[in-house]
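See structure below.
The values are calculated or read from the model by the stated rules, or taken from the named source; none is laboratory data. Keep in mind that this is a model prediction, so the values were computed, not measured. Here Cβ is always computed from backbone atoms with ideal geometry, including for glycine, and neighbour counts include all displayed protein chains.
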Amino acid sequence: MTQKHHLDSRVIDVIRDRGFSELSEVQEQAIPKILSGDHLLLIAPTGTGKTESAMIPVLSGMLQSKGTGFTTLYITPLRALNRDILRRMEWWCQNLGLTSSVRHGDTSQAERRKQVLHPPDLLVTTPETVQALFMGKRLREHLRTIRYVIVDEIHDLAGTKRGAQLVIALERLCRYAGEFQRIGLSATVGNPKEIAGFLSGDRPCSIVEVPVAKTLDIQVEITGEKFESQVQAVRRHTRKGPSTLIFVNTRSTAESLGHALLKDGNVDVHHGSLSRDVRIEAEDRFKQGEIKTLICTSSMELGIDIGHVEHVIQFGSPREVSRLVQRVGRAGHQIGKTSKGTIITSGFDDLCESLVIASRARQGSVENIIPSYRAGDVIGNQIAAIAVEYGEISIDEVFSIISKSSVGVQERENLEGIIGQLTEHYLIRRDGNRIITTSRARRYLSGNLSMIPDERKFPVYDIVTRRTVGTLDESFIITSLHPGAVFIARGQLWRVLDLEEGKVTVEPARNTEGELPSWEGEQIPVPFEIAQEVGKLRRSRGFEEYTHDKASISFANGFLDLVLKNHGIIPTDHLLTLEYSEDGVVLNNCVGHQTNEAIGRVLSILLSARFGTTIGLELDAYRVLLRVPREISVADVKDTLLSLQPEHIRGILELAMKRTSLFKWKLVQISKKFGAIDPDADYERLSLHRLADLLAQPQIQEETYRELFTRYMDVNHATEIIQSIQSGKIEIATGPPSIIGSAALFTSSRDQIPPPTADQAIISALKHRLNQQEIVLVCMNCRKWKSRTTVARVPDQPICGNCGARLIASLKPYETELYSIANKKTKNAEEKAIEQKLLRNANMVLSSGKKAILILSAKGVGPETASRILATYTTGDALMREILKAERNFVKTHRFWQ
């Protein structure tokens, strides 16, 4: 190694002061490559010294640098990571006489000003703030001295549009700084060469990879489907060790498990819905040993420092190998330590999936990450940004910048199409071979620094308590909710009654047999390869090759034996089965969520067209439920499947998707990023004319389809499966309803723990609300008395305070004007009808007293409905159920009334 490849002696002294007696394996491999100037992708498990592997040689180089601007950009995907990295880097920089600072959306104006006047040597920032650096004249000058860019957790960015935007920004940076050294820090990925190319473009990039498999010790346990037994299994583990991290797949599971373990003490919950302060407090309490157990979602997957973790529990299948490796990698978190993890599983699907994922993790067989290549909205965003940055610039230069990045367009014709689109939206002007910025472009950029789409939040309104119980994201409402759908919020099951007026009206749903939550939380899709291997495992029944746990082997074999005993057929990777049930036709298909989404949608479209009826669709990684009317048989579904041509799948989906809310919502999101519509435009209120205009723009439409067919459904694997059916490689069999087809669809969802919502609790809440309801009592005898009160304060048999009569009508406060109409001396036909309605109301109160008043105070209940309820002769809880049924019916049907 030549002299320039040696570490600066000052860095060596600081390493000794830090207490490093020797370098880790990853540091030994990475430091020489960085010192020699290589672009580098560094892949290693959490806790192996990745950050120091990059920063030690970079700090050495920074000491040799001259200039007054930034020397190093350290980019992380999360603000929380920024905070953590800055805390670690400050010590090194201070001891070496270097300066460091952090800049992101929450950075104060005073601190930003300070960075402009006195730029730090090391700037820790986010991808979005990198975009903002190009917009300030003084800041752009500070970019000229950059020699190093480190992208931390690059695996988290590479598959997203944020990542695509970032790597184009790195090419823009080259025009100021010249060629700088690029270093990517990553967890294990399945395609390291592709991710290295993503970072470096067409430049050579070295890869240092430390295999994660040799440091993993993963066990899989079966507990059964009862939540109490799952909690006991968790408790057995948490009582053994000093510190346990429990990963769950959904926020509701985190809250439910947290509630169940709360009485043990030493437990806290950490997820994205909690405020930043609450999350930081939980991190600090765990790090300082004040609590032994931290329950978390993906919020803890990335390398936030929370101190020593002895053991990681994964509650339920992690769904992906990469997710399991990341999560279990948090245990040990020290150089040379083995990471110990246990997956707690609850049922057959959960167990098989976890066995496959654990096996692949031990082999280091992780999923590929596919970057967003040639994403039109990202490229459009960056063209507008370049125009603002330079004022005007030649199209040749723009093409040079974008085509050098790994994700940019490589054909000039494609770039011209996007430029034409931007010109149409007044984001740029074109003058021959040059583009010129506009005033609208700067306004557009201030709202579109990020490629993360803005989402509206919708309130969830409980009809029983008349209170807002939470909010739901727009994307979830569009993709998963419909009247009748069941979902979990705040650890409780809810059924949707109505979706309108910017809110979701719900009622508590009891977790009764045959009731499936339509939404699997923040659902993590199971990849095609995992589902296929689960199918293979069902076929071979070689469970001993995946685990030595006798309970798991016995459970899996017992489950399959039970299927066969009941004359069921076991679907595998080579056998697709169709079953009829009361809810429709179940297609058992081991292909993963996104492939089943594509196949399910195509089948529902074709059946709907053939029979002229609406087809409902629910699915998971191993089955599709087609909710069909009784006249559609299993044979009809089989015929449709066999007649489907593989080459037609994409075309069918493209035509049919145009009519869906999902397509419209995604089209509007992408149009905003293209600048075609304003950031605050609401997809629901967009006119058909405006929508047709957006659809006529090829770049916007093409990008909408590209995103739908990569993020929401897997058209390529769906095509492959249909080809395999046609060639006979995959057979189709029809059979009776089986536990393998129905268990996961019709009892409980794997990612949900619905706490029992007691019928009594709902009734109590309704009773309390009705008793507090304001009403107006009016006398229909003397027509001169009215009294405003609450239901609770009404006597069993109310009388008029003026004439003493008992002919009293009970009105809702907004109905008071009806009394004035009824008392008019001369009335038209409509006004006479109102009088008759009030007299009918009063006669009910006369004959049934306070019971009638209670019923009439309910939402949407008038004399006709109240009369039907009174005719049931129910009392107590049974009466409350009748009232709730009437309120629910009103919410569902009132929009159709004339």
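Is there a residue in the stretch 482-502 that is at pLDDT below 85, assigned to a helix (DSSP H, G or I) and surrounded by fewer than 16 Cβ atoms within 10 Å (Cβ to Cβ)? Within the stretch 482-502, none of the residues are at pLDDT below 85, assigned to a helix (DSSP H, G or I) and surrounded by fewer than 16 Cβ atoms within 10 Å (Cβ to Cβ). Counting the residues of the stretch 813-827 that are more than 14 Å from ASN781 (Cα to Cα) and in contact with a Lys or Arg (Cβ under 9 Å, 6 or more places away or on another chain) gives 4.
Do the conditions hold for ILE75, that is, is it of a type in the set (Val, Ile, Thr) and modelled with pLDDT of 90 or more? In short, yes. The set of residues from the stretch 681-724 being among the aliphatic types (A, V, I, L, M), modelled with pLDDT of 85 or more and outside any helix (DSSP H, G or I) comprises just one member, MET713.
Put simply, of LYS850, LYS812, LYS827, LYS859 the only residue that is among the basic types (Lys, Arg) and over 30 Å from ASP462 (Cα atoms) is LYS827. When ARG601 is tested against (1) surrounded by fewer than 20 Cβ atoms within 10 Å (Cβ to Cβ); (2) in a helix (DSSP H, G or I), exactly one condition is not met: (1). Of all residues in the stretch 511-532, those satisfying the criterion of being among the charged types (D, E, K, R) and either part of a loop (DSSP other than H, G, I, E, B) or modelled with pLDDT under 90 (or both) are GLU513, GLU515, GLU520, GLU522. Among the criteria (1) at pLDDT 90 or above; (2) in the same structural domain as GLU353 (by TED's automatic domain parsing); (3) β-branched (Val, Ile, Thr), the one THR250 does not fulfil is (1). Would you say LYS287 is closer than 23 Å to GLY329 by Cβ, at pLDDT 80 or above, surrounded by fewer than 23 Cβ atoms within 10 Å (Cβ to Cβ) and touching a Pro at 6+ places or on another chain (Cβ under 8 Å)? Criteria not met by LYS287.
If you check ASP583 against the conditions, is it under 29 Å from GLY224 (Cβ atoms), charged (D, E, K, R) and modelled with pLDDT of 95 or more? Spelling it out, it is not the case that ASP583 is under 29 Å from GLY224 (Cβ atoms), charged (D, E, K, R) and modelled with pLDDT of 95 or more.
If the condition is being free of Cβ contacts under 8 Å to residues at least 40 places away in the same chain and assigned to a loop (DSSP other than H, G, I, E, B), then the stretch 533-582 contributes ARG541, GLY542, HIS548, THR572, GLU582. In the set ARG456, ARG443, only one residue is out of contact with any Lys or Arg (no Cβ under 6 Å at 6 or more places or on another chain), without any contact (Cβ under 8 Å) to a residue 60 or more places away in the chain and either surrounded by fewer than 18 Cβ atoms within 10 Å (Cβ to Cβ) or not polar (S, T, N, Q) (or both); that residue is ARG443.
Looking only at residues in the stretch 402-413 that are under 35 Å from the mean Cα position of the chain (by Cα) and surrounded by fewer than 20 Cβ atoms within 10 Å (Cβ to Cβ), the one that is modelled with the lowest pLDDT is GLN410.
Being of a type in the set (Gly, Ala, Ser) and over 31 Å from the mean Cα position of the chain (by Cα) is the requirement here; does SER604 meet it? It is false that SER604 is of a type in the set (Gly, Ala, Ser) and over 31 Å from the mean Cα position of the chain (by Cα). In the stretch 327-384, the residue that is modelled with the lowest pLDDT out of those that are of a type in the set (Lys, Arg) and part of a helix (DSSP H, G or I) is ARG327. If you go through the stretch 53-72 and keep only what is surrounded by fewer than 24 Cβ atoms within 10 Å (Cβ to Cβ) and either charged (D, E, K, R) or part of a loop (DSSP other than H, G, I, E, B) (or both), you end up with SER65, LYS66, GLY67, THR68, GLY69. Of the residues THR471, THR465, THR423, the single one that is under 24 Å from GLY105 (Cβ atoms) and either among the β-branched types (Val, Ile, Thr) or without any contact (Cβ under 8 Å) to a residue 40 or more places away in the chain (or both) is THR471. Elements of the type helices (runs of 4 or more DSSP H) sitting completely within the stretch 618-680 and holding at least 1 residues that are free of Cβ contacts under 8 Å to residues at least 24 places away in the same chain: these cover 634-643, 649-657.
Here is the figure for the stretch 223-254: residues that are within 27 Å of LEU493 (Cβ to Cβ) and of a type in the set (Lys, Arg) total 3. For LEU86, the conditions (1) closer than 18 Å to TYR148 by Cβ; (2) out of contact with any helix residue (DSSP H, G or I) (no Cβ under 8 Å at 6 or more places or on another chain); (3) at pLDDT 90 or above all hold with the exception of (3). Just to be sure, is ALA858 more than 43 Å from the chain's Cα centre (by Cα) and either surrounded by fewer than 16 Cβ atoms within 10 Å (Cβ to Cβ) or hydrophobic (A, V, I, L, M, F, W, C) (or both)? When the stated conditions are applied, ALA858 does not pass them. Hey, any hits in the stretch 65-82 for a residue that's β-branched (Val, Ile, Thr), touching a residue at least 40 places away in the same chain (Cβ under 8 Å) and closer than 22 Å to GLY332 by Cα? Checked the stretch 65-82: no residue is β-branched (Val, Ile, Thr), touching a residue at least 40 places away in the same chain (Cβ under 8 Å) and closer than 22 Å to GLY332 by Cα. Here's a check for you: in the stretch 298-314, which residue that is among the hydrophobic types (A, V, I, L, M, F, W, C) and over 18 Å from the mean Cα position of the chain (by Cα) is modelled with the lowest pLDDT? In this case the residue turns out to be ILE304. When THR238, THR188 are checked against the criterion of being of a type outside the set (Gly, Ala, Ser), at pLDDT 80 or above and in contact with a Gly (Cβ under 8 Å, 6 or more places away or on another chain), a single residue qualifies: THR188.
Inside the stretch 459-481, residues that are among the charged types (D, E, K, R), buried (at least 18 other Cβ atoms within 10 Å of the Cβ) and part of a strand (DSSP E or B) make up a count of 1.
Within the stretch 3-44, restricting attention to residues that are within 27 Å of THR215 (Cβ to Cβ), of a type in the set (S, T, N, Q) and in contact (Cβ under 8 Å) with a residue 12 or more places away in the chain, the residue that is surrounded by the most Cβ atoms within 10 Å (Cβ to Cβ) is GLN27.
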